[in-house]
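Peer 1: Sharing a structure here in structure tokens format.
Read-outs: derived from the displayed coordinates by stated rules, not from any lab. Just so it is clear, the structure is predicted and the values come from calculations on it, not from any experiment. Please note: Cβ atoms are built from the backbone with ideal geometry, for glycine as well, and neighbour counts cover all protein chains shown.
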Amino acid sequence: MLVIFRGLPGTGKSYLIRHLVERRAGLHVLSRDVLRVAVIPHPAFSDEEKAFVDELVAAMAGWLTGHHRDVVIDGAALSSAAGVQQLVDSARGSGASGDRGEALYFRVKARFERLTHPCLTVDTDRGLEENLRSILAFLQTGTTG
């Protein structure tokens, strides 16, 4: 299973994932932010760096899912549905947050697209418990209802 937490910067993706892994054993979390700092000691957050980190995440996700591991990708502020599909396709086929802020939030929001395949939209203004119940139910059934 591959789960991608995507959303606007600063909306609580990492926070939700930290609590989710406490309740669902066996999830392997791949964080773009953690991986970026691990491989690029002083990141500039350039498009080239972001593409490189995304390739690493996709390769790692592909290897893990290919070995029947459940994977959660954290930090994918992928605004386009095509970008999400490219990450999913890449993961299937392959085996520190210095750019945060209000300006980034609005840039990503302006180009954010709805997905057409099964997904769950989480409103992080709602409480943690309500969101975790929704996420766990979605992971169990693959539906929002």
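Peer 1: At a Förster radius of 25 Å, what calculated FRET efficiency corresponds to the Cβ-Cβ distance of residue 34 and residue 1, to the nearest 0.05?
Peer 2: The value I calculate is 0.75.
Peer 1: Oh, and also: Calculate the length of the line joining the C-alpha centroid of region 1-30 to that of region 35-56, in whole Å.
Peer 2: 20 Å
Peer 1: Given +1 on the Cβ of Lys and Arg, -1 on the Cβ of Asp and Glu, and no further charges, what dipole in debye does region 2-141 carry about its Cα centre, rounded to the nearest 20?
Peer 2: Computed about the Cα centre, the dipole is about 240 debye.
Peer 1: Order of 125, 89 from fewest to most other C-beta atoms within 10 Å?
Peer 2: Least crowded to most crowded, the residues run 125, 89.
Peer 1: Contour minus end-to-end for residue 24 and residue 69, with contour as 0.36 nm per residue of separation and end-to-end as the Cα-Cα distance?
Peer 2: Stretched out fully, the residue 24 to residue 69 stretch lengthens by 14.9 nm.
Peer 1: While we're on this one: Explain nothing, just compute: Karplus ³J(HN,Hα) = 6.51 cos²θ - 1.76 cosθ + 1.60, θ = phi - 60°, for every residue of region 45-56 in order, whole Hz, x for Gly and Pro.
Peer 2: After applying 6.51 cos²θ - 1.76 cosθ + 1.60, I find 6, 6, 4, 5, 4, 4, 5, 4, 5, 4, 5, 5 Hz.
Peer 1: Scan around residue 30 for amide H atoms under 5 Å from its own, H built in the peptide plane at 1.01 Å from N, and keep only partners 5 or more places away or cross-chain.
Peer 2: Result for residue 30 returns 72, 73, 74.
Peer 1: Where Rh denotes the Kirkwood radius from the mean inverse Cα pair distance, what is Rg over Rh for region 2-141?
Peer 2: 0.94
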